[in-house]
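The values are calculated or read from the model by the stated rules, or taken from the named source; none is laboratory data. What you see is a predicted model, and the numbers here were worked out from it, not measured in a lab. Using ideal geometry, Cβ is built from the backbone for each residue, glycine included, and neighbour counts are taken over all protein chains shown.
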């Protein structure tokens, strides 16, 4: 009795026409020209648009272009794993004979003659036809044509052989089930590691981790995406090892990015920050980021698991894999929309913990792990309309306000400077100062209209208050197109609109977004300030601010009205935990060396900024051109890992208290005018201003100047008198009171505001 064995799926468990082509392509780049044709052949064969013979002919036509094909075939199969069930077997395959001769030279072969020069079989026959009609024992799988007419059938499952079809099927099912169980267990382990590192950024990590383990919904919502990704990659790539490697790499990298961001910046890793890869790379160099021994151990274990699973290949038909992938994608789409984007589901997973504040966005995020809140954050990355949004209603609201120009006889120049990480630490009674690093700024406040602004950021995220100030919006769009702003309004009034930032133009996509906000020119490090740095990496405020004044004076000399918005850089963290100051600004009642240095290194920078501001105001004070100067801080500075300096100084950052909320988010602002501007506007610009959100700062200036602006500006000015801040935390400031639970009347005002600002940011140049 003849003993026959199928070449594919038994002797060689891969597709030779694909594997050999990939092998040759790497060594002979000219073969890349066959890739489109191979792809077309695969599609046609998959959808049964061509037969097996035509498929193999199109796939093997590259053979005529291979240098020394016989040698290449022998070298290729010498490195491949071939499995012969017994030494004495005849090998059957409908592949070209020259392929089988290279792989199975010691065995009797049954194969087709293939003319590589013309890419045709001389007489194509199937495996069953090649095997003949004589009785034989066939090795292979039940699906193989070779098995169909065999007198004796011997099934091969891995290294096991059996004549019992039921045993074979149990073996196959067992291997499939085991592979799926291994992948499931590994995915669950990865999700647990993600939860573990999510808890590390909390003040009480063990308690937070226990809260995860006691909440089935949090466990499920964090584990499901990892499990889904694992099986999606498995069916896509047909390799358990590749699925494990891809899933572990993505999960661990993102988990550790979140860990380090919480550790150094105090805020979590959000989906929208994936758009800031270059920014993250630039800032990463400022922090001493090193993987812990535990992280290295986990990375090594993940690589080892991937290697161990590498040999567990998928044996599913292409059609089965395709259907499964489509089913997984459909399931993900439904689950993502109904569960992961749902605010009600998100709110329902919150568990009050004594060491966390409900009003802290970082605590809110950590309260739910990492993977689940990260996916939920994808909703805010897209400009979604508010629930119940009605464009006609929003338009009707704005139509009640009339666009008004700035009277020619009341025009003044406007210079706005957002000061990087600028906050007045002298407001904290917990700190005792030996001298005032804010000496000039405090003097300027007394001759200005001044107060506090409530930022939407802490220790980072400069672009948020920057663009809120420029647009009057709290919920920002993607700025993928022109967006209404104060810059556009000033341009409509005939102003020259410019700005400066002594850092890279690509940071926060300012080079693309600023023109869409209405800036005619914006000066960055590359085109302006690099030449003024005197060897410094980035320009100090003593370089930036005089240049801002010079550009204003040039515009005034040309008889142009001038609006300028500038972002400083000198105050940017991180701040060293080693002494870099000449003398201390605060007393040390027993702080650690690190905290003492954090505080004084930051204040030494503030002292330099204070001198630069004094020189700037002195120049503007002497100018005959009327000019108003607006200064404000973008956010509080980050002082130490997990804001350790604030904690050690016992400064209240508990957002559940009014004091903690103001301490955490408020920064100072001043609106100052020179004598020429005071005469033009008939206002001395002196007084205590209200505490407002950053988006309302320009409304304050417009009121002081006697301007009204366009419809949206007039609407928001009126709104500002009702609610001084509508904060992203859900907190509203009204009449100086912090409101955490809104009345129906307050909620109605807030909902209307969300509708109006959505309409305003979606409809450019609405006058």
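Considering the range 266-352, the qualifying helices (runs of 4 or more DSSP H), each wholly inside and each with 3 or more residues that are modelled with pLDDT under 80, assigned by TED's automatic domain parsing to the domain that holds residue 238 and closer than 21 Å to residue 362 by Cβ, run over 277-284. For the range 1-58, name all the residues that are assigned to a helix (DSSP H, G or I) and at positive phi. If the condition is that a residue be assigned to a helix (DSSP H, G or I) and at positive phi, then no residue fits.
Of 618, 614, 556, all but one fail to be in contact with a helix residue (DSSP H, G or I) (Cβ under 6 Å, 6 or more places away or on another chain) and part of a helix (DSSP H, G or I); the exception is 614.
Could you tell me whether the range 400-411 includes any residue that is more than 25 Å from residue 701 (Cβ to Cβ), touching a helix residue (DSSP H, G or I) at 6+ places or on another chain (Cβ under 7 Å) and surrounded by 15 or more Cβ atoms within 10 Å (Cβ to Cβ)? Looking through the range 400-411, none of the residues is more than 25 Å from residue 701 (Cβ to Cβ), touching a helix residue (DSSP H, G or I) at 6+ places or on another chain (Cβ under 7 Å) and surrounded by 15 or more Cβ atoms within 10 Å (Cβ to Cβ). Report yes if residue 202 is farther than 30 Å from residue 18 by Cα, modelled with pLDDT under 90 and assigned to a helix (DSSP H, G or I), otherwise no. So residue 202 fails the test.
Set side by side, the residues 25, 61, 15, 72 differ, and just one is in the same structural domain as residue 106 (by TED's automatic domain parsing), surrounded by 13 or more Cβ atoms within 10 Å (Cβ to Cβ) and within 23 Å of residue 321 (Cβ to Cβ), which is 15.
Does residue 679 satisfy being without any contact (Cβ under 8 Å) to a residue 60 or more places away in the chain and surrounded by fewer than 20 Cβ atoms within 10 Å (Cβ to Cβ)? Spelling it out, residue 679 is indeed without any contact (Cβ under 8 Å) to a residue 60 or more places away in the chain and surrounded by fewer than 20 Cβ atoms within 10 Å (Cβ to Cβ).
Here's the yes/no breakdown for (1) closer than 26 Å to residue 87 by Cβ; (2) in the same structural domain as residue 92 (by TED's automatic domain parsing); (3) not in a strand (DSSP E or B):
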{"residue": "123", "(1), (2), (3)": "no, yes, yes"}
{"residue": "130", "(1), (2), (3)": "yes, yes, yes"}
{"residue": "133", "(1), (2), (3)": "yes, yes, yes"}
{"residue": "142", "(1), (2), (3)": "yes, yes, yes"}
{"residue": "149", "(1), (2), (3)": "yes, yes, yes"}
{"residue": "154", "(1), (2), (3)": "yes, yes, no"}
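Looking at 462, 426, 397, 378, just one residue is under 36 Å from the mean Cα position of the chain (by Cα) and free of Cβ contacts under 8 Å to residues at least 24 places away in the same chain, and that residue is 426.
Can you find even one residue in the range 751-766 that is outside the structural domain of residue 632 (by TED's automatic domain parsing), farther than 20 Å from residue 385 by Cβ and touching a strand residue (DSSP E or B) at 6+ places or on another chain (Cβ under 9 Å)? No, the range 751-766 contains no residue that is outside the structural domain of residue 632 (by TED's automatic domain parsing), farther than 20 Å from residue 385 by Cβ and touching a strand residue (DSSP E or B) at 6+ places or on another chain (Cβ under 9 Å). Please find, within the range 63-80, the residue that is nearest to residue 8 (Cα to Cα) out of those that are free of Cβ contacts under 8 Å to residues at least 40 places away in the same chain and assigned to a loop (DSSP other than H, G, I, E, B). Only one residue tops the list, namely 79.
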